[in-house]
1. Taking a spot 7 Å from the Cα of A:Ser247 along the direction of its beta carbon, which residues of region A:7-23 have an amide N less than 19 Å from it?
2. Please give the average number of partner chain Cβ atoms lying within 10 Å of the Cβ of each residue in A:79-91, rounded to a whole number.
3. With labels modelled as points extended 7 Å from the Cα through the Cβ direction, what inter-label distance (nm, one decimal) is found for C:Glu240 paired with A:Leu4?
4. Can you name the helices of chain A, as whole DSSP H runs, whose Cα span along the helix axis is 18 Å or more and whose Kyte-Doolittle mean is not below 1.6?
5. Going highest first, how would you order C:90-96, A:119-125, C:146-152 by mean Cβ packing within 10 Å?
6. If I take R0 = 60 Å and measure r between the Cβ atoms of A:Arg109 and C:Ser23 in this structure, what FRET efficiency does the formula 1/(1 + (r/R0)^6) give, to the nearest 0.05?
7. Take the Cα of C:Arg57, step 7 Å along the line toward its Cβ, and report every residue of region C:1-32 whose backbone nitrogen sits under 18 Å from that point.
8. Quick check for you: which residues of region A:196-227 have the amide N under 11 Å from the point 7 Å beyond the Cα of A:Ala65 toward its beta carbon?
Amino acid sequence: MGYLMHIIIIALIYAIFAVSLNIELGFTGLYNFGHVAFFGIGAYTSALLSLAGMPVFLSMACGMAAAAAAGFLLAIPALRLSGDYFGIATLVFAEMVRLFFLNERWLTRGPMGIPGIPRPDCIGAGIASLPKFLLFSGLVAAAVFLIVRRLTTSPFGRVLKVVREDEFVAQALGKNVFSLKVKTVILGSLLAGLAGAMWAHYVTYISPADFTLTETILVLLCVVLGGRGTNWGPVLGAFLVIFSSESVRFLPIPSDLGRFVAPLQGMIYGAVLILIMLKRPGGIIPEHAG
Amino acid sequence: MIYYLQLGLNGIIAGSTYAMFAVGLTMVYGVFRFINFAHGELIAYGAYLTLLWSQPPFSLPLYLAILPALAITAAIGLAQDRWIFHPLRNSKPITLLIGSIGLSYFLRNGIRIIWGSDLMSYGLESTRGMRFAGLTVTTVQVLMVASAVFFLGLLYVILTRTLLGKSLRAVSDNPELAGVMGINMKKVRLTVWTLASVFAGFGGILLALDTNLEPTMGLTNLIKAFAAVLLGGAGNVWGALFGGLFIGIAENISVAFFSPGYKDFISFSVIILVLLFRPKGIFGILEGVR
Amino acid sequence: MNMLRLKNVTKSFGGQTAVNDVSLMLKGDGITGLVGPNGSGKTTLFHLITGFYTLDRGEIRYADRVISGRQPHTISRMGLVRTFQQTRALSFMSTLDNLLSAAPDQAGERPAHVFLHPVRVKREERKNREKAGKILEILNLGSVADNLAGNLSFGQQKLVELGRVLMARPKMILLDEPTAGINPTLIRQLTEVIRKLNSDGIKIFLIEHNMPFVAEICEEIFVMDSGKLIFHGTPIEARENDRVIDAYLGRENHAA
């Protein structure tokens, strides 16, 4: 039972993470492959501040702000680049951030990571606190979902789709495409920072190894599998990916084959990404009817 | 002074390997107009397959093991095209990029399954370095540069003297016109992928000779290859050569000034700087609409 | 009153000069045409005027304000709106959404406003819907308002593009080959719509290859050839002009 709650919590956090990427990738057509950097910045900022004595909810807010600021700083130069070059640039950015986490030991303790990250006071630590954290994550995820849905169903969401479909038309219609893209990246980074901060305070130990290309691929899979450009798509994708990756533990695998599990999962995820691109690039939940 | 010359020499040695990686990547981009994220895995598989053939039950000497290894690597490259990239050729560039990211993840985990995640090597006895003019270089390193020069010279001959090579350059220059002029696109496709795979694979072998093998070697060197490609102008083979050498030398000289942990930063910075200030690269010729 | 003024506008790509030292003035009323053989630089000129290309040399003024060097969206919001040569209907949005997205100055397009001023956003959206509905009726697209624009016929998509332009409350419209690829009945309909727009006070500047259409609807035309402006006058004068004739026919003689 406790394990089920654990999986759901992780899925909810990844749902927030995926929703944040979907705003950029699914709605606006920004291939931000460095999104994990903001997840990490949110995590590290909140972890370090809370360990320095700041109340957890405040440190999480600071984590979000730091992530949003980083998103802004990245957006201004990077958004001048076209589609796939933007993707590469953001990917490189994420790797640079990870290198920073790895090398600046005075701040981040480098590869050893940061243990003992506190839980919010009202939730507390240990197994007994799981239901409270579940409630917390559920509430936050629901709030994020509703806020994002409000935005995507508004004229703002509509104009983002115009930008995605045809930038030239958007410009010809008088839309300031650059400004819209920057706003999108800030929003996406803000929410990714929130997801990262929540994750840090849940797992209570983070290290640079948690914020690699693998995590980028995972969240990309969530968005692409579930259905990009929809509201429920990334949520569905997150639950599918997290549940499938965690439920593997329950399969009766002889221990000497244990080392194959993770790479085999990796191969499956890679293959799924390829298949989706080949057969159903839009994902499970379609954006348009027909 | 000698110290810097030695670093420079090391840089040329590393750079000649990077050049091998970069020319394949840039050829694929020049002809197909997308960045193959899985190019790194061609590098890795070249190295690992050589290891496979040099061990029991085949136990070929290294210089013979290279042959079947490169053949299989070329087969992998051709399979990539046949099953994934050619079917996706009319999709948006993002679809190809995501597909190649998925493929790269798939192949990388394949390495983990087949060979495990530990560091490996070809088991050559470390040779004493030869000294001349105060600089040290090992026979293996001389071999590396010599074979890289040989292969690149071969490429030069292919591209400038053979019909196939010229067709390749024509397609890279102007894809629509080339099709109309009756160039055999299928042959060009097969040639590009074979060349790219062989060069990447052989580069991987050289790299593994000098250092060692590990599953992420493809990914790490993809970034360097990409930096070299961008620097020289995407699609420009000689630019890629220059770019590879530049990155190799810059990386090795930087060790004198920065902590080695940030060595990768060189390629990252090159990518970011080129994208920001001169996206066409030093030798590239692209036109721009706003 | 001079609405649009080009001075020595030049643009080259690589070694090729696409637009060569073009200077012209457009008054604020009437319908003006821009014609010329393929590759004469007409669409490039449109791109330059609307800010999608940057000039190498020269200056462009609209309503006496310099627009050369400005961003396309800024120019659009000044009232200078364009269509594209290849129809760019937003295929994955409904016809209605296509028009709604064209409405200018929507408070709802700013994320903060969505939460801080929901009533205003809703009100604007309602007004825009009404306006879009009326435009769709004028263009005979009312019945396909909810269809995906990508599922419409080519002619209908062209009308959708025109509808978008109308939503944008333009003062001057640049149409790039409006009659290309559509049947005569639709051309009739289009001619009426364009005429009505003009009589409502909107200046029209259009690129066309359809000479009868140009002769019927344009009071004045400019002719371009190989990047240069070679003629300015009425369509009838153009037909008698040696340089114009040479530009269109001379090609064939030289090629032989």
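1. The answer is A:7-15, whose backbone nitrogens lie closer than 19 Å to the label point.
2. Whole-number average of other-chain Cβ neighbours for A:79-91 is 5.
3. In this crude spin-label approximation the distance works out to 9.2 nm.
4. Length and hydropathy pass: A:2-22, A:36-51, A:56-78, A:130-152, A:213-226, A:261-279.
5. Working: C:90-96: 21.7, A:119-125: 13.7, C:146-152: 16.4.
Taking the mean over residues of other Cβ atoms within 10 Å, the ranking is C:90-96, C:146-152, A:119-125.
6. 0.35
7. Residues C:6-24 fall inside that zone.
8. none
Bear in mind that the values in this text are calculations on the coordinates, not laboratory data. Owing to the predicted nature of the structure, the values given are computational and were not obtained by experimental measurement. In this analysis, Cβ positions are derived from the backbone assuming ideal geometry, glycine residues included, and neighbour counts consider all displayed protein chains.
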